Every structure is written in C-alpha cells, then in structure tokens.
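Here is the structure we will look at, set down as structure tokens.
The values are calculated or read from the model by the stated rules, or taken from the named source; none is laboratory data. Treat the numbers as computed from the prediction; the structure is a model and nothing was measured. No Cβ is skipped: glycine too gets one built from the backbone with ideal geometry, and neighbour counts run over all protein chains shown. When the accessible area is computed, the model is the full protein with side chains, heavy atoms only, and any ligands, DNA or RNA have been set aside. Shrake-Rupley method; radii C 1.70, N 1.55, O 1.52, S 1.80 Å.
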Amino acid sequence: MFDTEFLDIPPLTGAGGTVRLPGSKSISNRVLLLSALCTGTTTLHDLLDSDDTRVMLNALRELGCGVRQIGLGGTTVEIDGLGGVIPNPQADLFMGNAGTAMRPLTAALAVLGGDFKLHGVPRMHERPIGDLVDALRQLGCHIDYLGQDGFPPLRIGQPKLDLKAPILVRGDVSSQFLTALLMSLPLVAKDSDIVIQVTGDLISKPYIEITLNLLARYGIHVRRDNWERFTIPAGSHYQSPGVLHVEADASSASYFIALGAIAPGAGVRIEGVGADSIQGDISFIDAARMMGAIVEAGPNHLTVRRGAWPLKAIESLDCNHIPDAAMTLAVMALYADGTTTLRNIASWRVKETDRIAAMACELQKFGAVVEEGADYLKISPPAHWTTGAIRTYDDHRVAMCFSLAAFNPAQLPVRILEPHCVAKTFPDYFEALFDVTQTSPALIPVICIDGPTASGKGTLAALTAQKLGYHYLDSGALYRLSAHAATAVGVSLDDGAGVARVARTLPVRFRGDRIFLGHDDVSDAIRTEAAGMAASRVSVHPEVRTALLELQHSFRRLPGLVADGRDMGTVIFPDAPLKIFLTASALHRAERRHKQLISKGNSATIAQIQQDLEARDARDSSRKAAPLKPADDAKPLDNSYLSIEKSVDQVLEWWQGTRPF
C-alpha cells in the first residue's frame, strides 16, 4: 500500500495481464457478522483484509467472539459463533467509516440488548442512520443518539421487544438499513413470523439480493413479496455453513473492466469474479459493453479488451443497481464521444463522502464539462485535457477510479492525494494497477542523486523514494554486489571481463533497507569499508559498467524511481527530469563516516578517513569510464550544514517544481 501524502501516476499507454481481486467488502462484513451470530464454527476463505473488515473483526473480539486468523495475509479466518448470546454485554465499539459494519451491528446489538456505544470517524457521524434507528425503536429497541439526532454515535441499551406489527423501514436512503434488519431479526424470530415493510422505492436492490443469498447459506430463508415486504419465518435459527469462500469484489472489478476498455493492449483478465457472481455490481459489464468494451465472462473470471474507440457515450443510464461501480463510469465518460448522463444516484450523497459533489469537482480538473443534479451527473469529455491533484475525500472509490485518468491523450500525469484511503477495501490497488499497465520508460520519472563517497546520497535517496512511493536504486550496491559475488567464485577484481560475467546474472533484490543476493541477505557484508574499496576497484572496468547498465535500467518501473550513485544523471538516466549533485566538504564527510565506524566498533581517526575520502574522490573523478562529475543540468546541494530532513525537503521542493500540478 502507498502510505504517502500523494501518489503521482505517470501517463499510461497500455494494459495487459492478469489481476486477482481481493474479497468482496459487502460479502466479507456480512459473513463475519453472520458467522458470529450463528451456532457453530465457520471457516471463511478469501476474506477481504482491509480497514473495514478489521473494524468488524475488532468489534467481534470486543464482544467476546472467538476469532482466529489462519496463515499469512489475513484472508482465512475462523469464527466461533455466539449462538445469539453476547459474552461481553458492555462494550465501546469504534466503527471507523465502515457502513457495512456500523449498520448491521447496530441492529444485531439492539435486538440482543446490552450496554454498547458505537462511534466512528467524523465522516461516520455525518452518515444517516435515523431510518434504521426508527425501525428498531418500533419493535422496542432502546437506542439513544449521543450527538445529532439521526446520526452516530449511538448508545444501545436493553430492549423490550414487541414483534407483532410489521416493521416499517425506508428503502430510498440506503439499502444497508434493510440489510441490517434482515440480518438481526432472525435472532428473535422464535415464536412467530416477523414482517418488514419497505416504504418508498427500494434502492440498490442487488445488495439486498446478496443479503438474502447469504442468509440462506446460514439457514435463514426469507420470503420476499416483490421488493416491498420481507417475512422472516418463525423458528428461524442461524446455523454455520462450516466453510464459506468469499468471492472477489465486483465493485473493485469495475476499475479493471474500465482499464481493459480504455487501454490499448492484449486485454486484462480479472480473476475471482465472473458471470456466476451474486453481487449486483457485476452488471457493470453491461454498461461497459454499452460504451464499447469487449467483455468475455466465465463463471469466475472476466477478460476485457478495448473495442470501440473513443468509447461510446451513454445518453442516460439508471445506475441505481450499480451505485458503487457507477463512479467508474463517470471517469470512463472522459474518454467518450459525447455526453454521458448517470441517473438515480442520490445514494452517492450519503456514502463515504458526498460522491456526486466530489466527482463533479474532480472531473472538471481534467477539462470535463460537468452538470451536477440532486441525483444525476452529466459529463461531457474534455475538449482540451488538463490535469490536477485529485482530492480523494478519504473515499477509496474516488482514489481508485481517478487513477484511470492517467490514460489521457495529452500524456499528463495524475496526482492522487492520500492514496492510502484505498485500504478501506483494496489496500494493494495501485500495486495491482501497475502490475498490468505499461508506459514508455521515458514517461516514468526518475530523480537522480549523484555525489562522492559519504556525502549521504544513499540516505537522501532512500528517504525521498519513501516520501514519493517510488522505487529506490542504490547503484553503489550493485558494484559492491558484483565485487562480493566475484570474490565468492574466485574471480579477481582486476579481471574486468570476469567480473562483468558475474555482474550480468546478479540475482539482486532490494527490500526496504535490506539487499538480497538470491536468498541471502548480504546487506551487512557489502556495507563494510573493504566492500566499498572493492566496489571502487571494479567500477573502473568499462565491461562491468556495461554489464550493469541494463540491470540499472530495469529499476525504472511504475510509478517512478529515485536512483543514487556517481553517474546516474550523466550516464544511466540522462533524461531524468531532476538531477541533484550532493556534496559536502571532505572534513564533514570524514566526521560522519567516523561516527558510523565508531558505532560499529571500528577504530579510525578522522584525519585518516579524510585522507582516504580525498584519495577516492580523486580516483573516481579521474577515471576514464563515467568519471564522478555533476550533470550539466544538475542542481548542486551542499549538505555540510543541512540536516537530512532539510535536505529531503529541498529535493521535494525542486521535484514539485517539475510537476504540472
């Protein structure tokens, strides 16, 4: 996950490959709660591991439910059902911004009773829950508002249930209110049928279909009369299905369906969801086909490739059945041949943010003409593309769908602010996107930081890469690795051709601040003074430099690269948009190196170290192959008296000056 202030996505030019989607959020949180309410132990496979599911898991633990995560990744979980009895009847539960946890859990706790406080992030306290509370109060539940009426936070007490009359609930605000009642009322349907009557037009019916389907898996068979009346039979009793596999998230599939429709290339295969999906958002493929996408659907996979181009505008589309996935259509409309209108999306306004207002605002940053109505968006594509920094409003779906704007024909980058918000449902979304997208290497930005030994370029480059979410190349490590590997197989460091043969096949991996050669962590072995001197010896061989050139170029991957060395800006990446030549006086560098050596228990004097550094500077500057010198367009940065934090700030300031935002 990109846990950075922003993520710059370079212009993208193609797509192809396979993506495996994470589990459905809607299904995951439903089956977590159902497994906790039932009798017996349930093993859930392919569960979504995200912020919202962690909220539900933490709440279940607080209530005394047995929860065991099996293996790595958090996608297999065992839940010990409570059988309708809560071991800890008093709890303070933090629900984050997870509507799929907050609303069903509110209903379940309200009918079972206890002393519970449910609260979340500020946005959760702006999301309406009054219609659900009104319905629960009808049957005798005790719920108090702790802030503004109609919104969380809530206090739940002991109920005095009266289940004789039908329970009325509005259906035109959020389908989660009806889902909450359907999931909670089987707990008290012992002696007679319980009837739920929906008032107003029920929105997001496919999400109710998910709920009914899952209830049946847990032994509850609800009778439905159209979409107005739902009857929970007397004697209903939750029973564990034993094992349940969570299908992949159809809403998340929409971004890769759109990707296949927009991007040239061999197409995108999406695994984990297909024609047999129980999720309503799978209907997004019908809308994508209307816009010109070629979609092949198998039972549990989809293959999508570009068909009509530009995409075909949709004059008017009722999106009530795909409320989450429809946001992706709004971005696809940027690539259409006319105006697209998305209707019946009023529920967007009570989601993680006011999505109608948010999408209208952000679409205009690309030059689109947007008309915003109470329950619709009308989008005309840009006459002249522009770009901007996309505010995500802490809404995962805003962040994900606007990543697709990076295919703009003007080849402008797109900045996504607070990209970590995708952790709500798809923590590795951007990694998955970059795995199946392509662009010209020249469009992938590189920051080069060159400088002499002990100038601090490695630390500066690594921290800059971390701030930007970019890959990091320690080119000096490649020469150290070459010398280390050559010595291990008995090749003389003076044998340029021999060292080059070793260098061409280096199985090198960088993982954080650790460096691996094959399966061996050689980080400490190549960071000694002796290893540095060995690297300097092999770097003078033109054959070695040529052998490592292709390897260094391979680090230029999406979304960008920060590379440090001695010839990054002059030889390896001469087209880099930002080149920095970092230096400090020999004395300051000697003092820094002295501290490092002393901390490792090595003895040396500052004078000796300074003499060695000056000798190495002279050697590196006078070598015939790629001598140490600043690139003609490099920015000089003397950090003799700068902290590392100030140095990073300076690099980021220069970098911002190269961006079009």
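Matching residues to (1) open to solvent by less than 40 Å² (accessible area, probe 1.4 Å); (2) over 18 Å from residue 28 (Cα atoms):
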site: 211; (1), (2): yes, no
site: 221; (1), (2): no, yes
site: 226; (1), (2): no, yes
site: 231; (1), (2): yes, yes
site: 237; (1), (2): no, yes
query: Looking only at the stretch 57-86, which residues are surrounded by fewer than 16 Cβ atoms within 10 Å (Cβ to Cβ), over 27 Å from the mean Cα position of the chain (by Cα) and of a type in the set (A, V, I, L, M, F, W, C)?
result: 85
message: Exactly one condition in (1) modelled with pLDDT of 90 or more; (2) open to solvent by less than 70 Å² (accessible area, probe 1.4 Å) is false for residue 489; which is it?
response: (2)
- prompt: From the list 399, 389, 358, which residue is over 25 Å from residue 128 (Cβ atoms) and small (Gly, Ala, Ser)?
  reply: 389
query: When residues of the stretch 593-618 are filtered for being charged (D, E, K, R) and open to solvent by less than 70 Å² (accessible area, probe 1.4 Å), how many remain?
result: 3
query: Would you pick out the residues in the stretch 69-113 that are in a helix (DSSP H, G or I) and modelled with pLDDT of 95 or more?
result: 101, 102, 103, 104, 105, 106, 107, 108, 109, 110, 111, 112
Selection within the stretch 117-131 - within 26 Å of residue 48 (Cα to Cα) and either buried (at least 21 other Cβ atoms within 10 Å of the Cβ) or of a type outside the set (Val, Ile, Thr) (or both): 117, 118, 119, 120, 122, 123, 124, 125, 126, 127, 128, 129
- prompt: Quick check: anything in the stretch 114-135 in contact with a Gly (Cβ under 7 Å, 6 or more places away or on another chain), in contact (Cβ under 8 Å) with a residue 24 or more places away in the chain and assigned to a strand (DSSP E or B)?
  reply: yes
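For the stretch 421-437, how many residues meet the condition of being of a type outside the set (A, V, I, L, M), outside any strand (DSSP E or B) and crowded, with 21+ Cβ neighbours inside 10 Å?
Within the stretch 421-437, the subset of a type outside the set (A, V, I, L, M) is 421, 424-431, 434-435, 437.
Subset that is outside any strand (DSSP E or B): 421, 424-431, 434-435.
Subset that is crowded, with 21+ Cβ neighbours inside 10 Å: 421, 424-426, 429-430.
Of the residues in the stretch 421-437, 6 are of a type outside the set (A, V, I, L, M), outside any strand (DSSP E or B) and crowded, with 21+ Cβ neighbours inside 10 Å.
To keep it simple, each residue is scored yes or no on (1) closer than 30 Å to residue 381 by Cα; (2) not small (Gly, Ala, Ser).
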| position | (1), (2) |
| --- | --- |
| 403 | yes, no |
| 407 | yes, yes |
| 410 | yes, no |
| 416 | yes, yes |
| 431 | yes, yes |
| 447 | no, yes |
| 452 | no, yes |
| 480 | no, yes |
field: Boolean, residue 479 is in contact (Cβ under 8 Å) with a residue 60 or more places away in the chain, under 21 Å from residue 617 (Cβ atoms), within 40 Å of the chain's Cα centre (by Cα) and open to solvent by less than 70 Å² (accessible area, probe 1.4 Å)
entry: yes
- prompt: Which numbered condition trips up residue 138, out of (1) over 25 Å from residue 166 (Cβ atoms); (2) of a type in the set (S, T, N, Q); (3) open to solvent by 50 Å² or more (accessible area, probe 1.4 Å)?
  reply: (1)
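So, of the residues in the stretch 314-334 that are open to solvent by less than 10 Å² (accessible area, probe 1.4 Å) and of a type outside the set (A, V, I, L, M, F, W, C), which turns out to be farthest from residue 405 (Cα to Cα)? Show your work before the answer.
Restricting attention to the stretch 314-334, the residues satisfying the condition of being open to solvent by less than 10 Å² (accessible area, probe 1.4 Å) are 314, 319, 322-323, 325-334.
Now restrict to residues that are of a type outside the set (A, V, I, L, M, F, W, C): 323, 328.
On the way: 323: 20, 328: 11 Å.
This residue is 323.
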statement: Among residues of the stretch 574-591 being small (Gly, Ala, Ser) and farther than 20 Å from residue 632 by Cβ, the residue surrounded by the most Cβ atoms within 10 Å (Cβ to Cβ) is 590
- request: Residue by residue through the stretch 36-50, note down the ones that are in contact with a Gly (Cβ under 6 Å, 6 or more places away or on another chain) and of a type outside the set (A, V, I, L, M).
  value: 38, 39, 40, 46, 49
- prompt: Regarding residue 307, is this residue among the small types (Gly, Ala, Ser), part of a loop (DSSP other than H, G, I, E, B), surrounded by fewer than 20 Cβ atoms within 10 Å (Cβ to Cβ) and touching a Ser or Thr at 6+ places or on another chain (Cβ under 8 Å)?
  reply: no
task: Inspect all residues belonging to the stretch 346-369 and state whether any of them is among the aliphatic types (A, V, I, L, M), touching a Ser or Thr at 6+ places or on another chain (Cβ under 6 Å) and within 30 Å of residue 536 (Cβ to Cβ).
output: no
message: Every residue in the stretch 199-228 that is free of Cβ contacts under 8 Å to residues at least 60 places away in the same chain and touching a strand residue (DSSP E or B) at 6+ places or on another chain (Cβ under 6 Å), please.
response: 199, 200, 222, 223, 224, 228
query: Got at least one residue in the stretch 144-154 being assigned to a strand (DSSP E or B), within 36 Å of the chain's Cα centre (by Cα), hydroxyl-bearing (Ser, Thr, Tyr) and at pLDDT 95 or above?
result: yes
query: What tally of residues in the stretch 619-640 results from selecting those that are open to solvent by less than 80 Å² (accessible area, probe 1.4 Å), assigned to a helix (DSSP H, G or I) and among the polar types (S, T, N, Q)?
result: 1
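Does the stretch 549-573 hold any residues that are over 33 Å from the mean Cα position of the chain (by Cα) and open to solvent by less than 60 Å² (accessible area, probe 1.4 Å), and which are they? Full working, then the answer.
Filtering the stretch 549-573 down to residues over 33 Å from the mean Cα position of the chain (by Cα) leaves 566-567, 570-571.
Correct list: 566, 567, 570.
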task: Report, by residue number, each residue of the stretch 443-459 that is part of a helix (DSSP H, G or I) and either under 26 Å from the mean Cα position of the chain (by Cα) or under 19 Å from residue 623 (Cα atoms) (or both).
output: 443
statement: Picked from the stretch 40-56 (must be open to solvent by 10 Å² or more (accessible area, probe 1.4 Å) and in contact with a strand residue (DSSP E or B) (Cβ under 6 Å, 6 or more places away or on another chain)), the residue nearest to residue 396 (Cα to Cα) is 46
message: residue 188 - would you say it is of a type in the set (Val, Ile, Thr), touching a residue at least 24 places away in the same chain (Cβ under 8 Å), open to solvent by 10 Å² or more (accessible area, probe 1.4 Å) and under 26 Å from residue 39 (Cα atoms)?
response: yes
field: Flag if residue 469 is within 23 Å of residue 508 (Cβ to Cβ), small (Gly, Ala, Ser) and modelled with pLDDT under 95
entry: no
message: When you scan the stretch 277-294, do you find a residue that is surrounded by fewer than 17 Cβ atoms within 10 Å (Cβ to Cβ), in a loop (DSSP other than H, G, I, E, B), touching a residue at least 12 places away in the same chain (Cβ under 8 Å) and of a type outside the set (S, T, N, Q), even just one?
response: no
Residue 257 in a loop (DSSP other than H, G, I, E, B), aliphatic (A, V, I, L, M) and at pLDDT 95 or above: no
